[in-house]
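Accompanying notes for the structure given below.
The values are calculated or read from the model by the stated rules, or taken from the named source; none is laboratory data. Just so you know, these numbers come straight off a predicted model, no measurement behind them. Heads up, the Cβs are rebuilt from the backbone with ideal geometry, glycines too, and the neighbour counts pull from every protein chain shown. With ligands, DNA and RNA removed, areas are computed over all heavy atoms of the protein, side chains included. Shrake-Rupley method; radii C 1.70, N 1.55, O 1.52, S 1.80 Å.
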Amino acid sequence: QKEVEQDPGPLSVPEGAIVSLNCTYSNSAFQYFMWYRQYSRKGPELLMYTYSSGNKEDGRFTAQVDKSSKYISLFIRDSQPSDSATYLCAMTPGNNRLAFGKGNQVVVIP
Amino acid sequence: EAGVAQSPRYKIIEKRQSVAFWCNPISGHATLYWYQQILGQGPKLLIQFQNNGVVDDSQLPKDRFSAERLKGVDSTLKIQPAKLEDSAVYLCASSLTRGTGGLDEQFFGPGTRLTVL
């Protein structure tokens, strides 16, 4: 079983729609849960992170972590064409060793 | 603040040739990472340095890959000899590592796209 599972299927949504992404994991030691955004031909950049369980909101983005279910989610409200990118979930116990999901390619259609 | 710099941005070689990648981390960042990102996959850590010492190289294929970080700043990653399956983007990242707890955010460079023919 892989440490982090992220269904890598591409996602196309119309502008203004809500984008919902999720990952599951198997390692109970993970404490930090991150979402990275990666534009084409660029390196990943940290979008937001959550420590332990709970929700975190940053503008149009909401991250949720449910440690009891080993399940994390990212929601993008009022999606914009500039949100078109690959979104990678990543996790670490806190020792800097990141475990990444495969990523979801999101396309927001104007 | 300047970001993580990598060169070259693209490289095409034939199998069994050797290749080297260079990374210059953000100034003052103690920890440097090399990741391999195969098309359609998330990045996989190859090696992690703190200053000029190796912290984790458990996923580095040591029979063909080597890396060094001289003087705790710049780093090079070398592949010799290259195989077809080494075709990937090689990402360098760096983090501050204050040691005071909390997330030690990793900042990524743009990567080097390697194609092995």
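Look at segment A:12-40: where a residue is more than 13 Å from chain B (Cβ to nearest Cβ) and part of a strand (DSSP E or B) and a partner is open to solvent by 40 Å² or more (accessible area, probe 1.4 Å) and charged (D, E, K, R), sitting 6+ places away or on another chain with Cβ atoms under 6 Å, you get A:THR24/A:GLU5; A:THR24/A:LYS70. The residues in segment B:90-102 that are farther than 15 Å from B:ASP74 by Cα and open to solvent by 40 Å² or more (accessible area, probe 1.4 Å) can be counted, and the count is 5. Look at (1) surrounded by fewer than 18 Cβ atoms within 10 Å (Cβ to Cβ); (2) in contact (Cβ under 8 Å) with a residue 60 or more places away in the chain; (3) not in a strand (DSSP E or B) and you find that A:GLN105 fails only one, number (3). The condition (being assigned to a strand (DSSP E or B), within 13 Å of chain A (Cβ to nearest Cβ) and small (Gly, Ala, Ser)) is satisfied by just one residue among B:SER58, B:SER94: B:SER94. Screening the candidates A:PHE75, A:PHE100, A:PHE61, A:PHE30 for the property of being more than 14 Å from the chain's Cα centre (by Cα) and not polar (S, T, N, Q) yields one hit, A:PHE30.
Results for (1) part of a loop (DSSP other than H, G, I, E, B); (2) under 30 Å from A:ASN104 (Cα atoms); (3) open to solvent by less than 30 Å² (accessible area, probe 1.4 Å), shown as yes or no for each residue.
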| position | (1), (2), (3) |
| --- | --- |
| B:LYS11 | no, yes, no |
| B:LYS15 | yes, no, no |
| B:CYS23 | no, yes, yes |
| B:ILE47 | no, yes, yes |
| B:SER66 | no, no, no |
| B:LYS71 | no, no, no |
| B:GLU105 | yes, yes, no |
| B:ARG113 | no, yes, no |
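Annotation: B:GLN37 fulfils all but one of (1) farther than 25 Å from A:GLY103 by Cβ; (2) within 12 Å of chain A (Cβ to nearest Cβ); (3) not β-branched (Val, Ile, Thr); the unmet one is (1).
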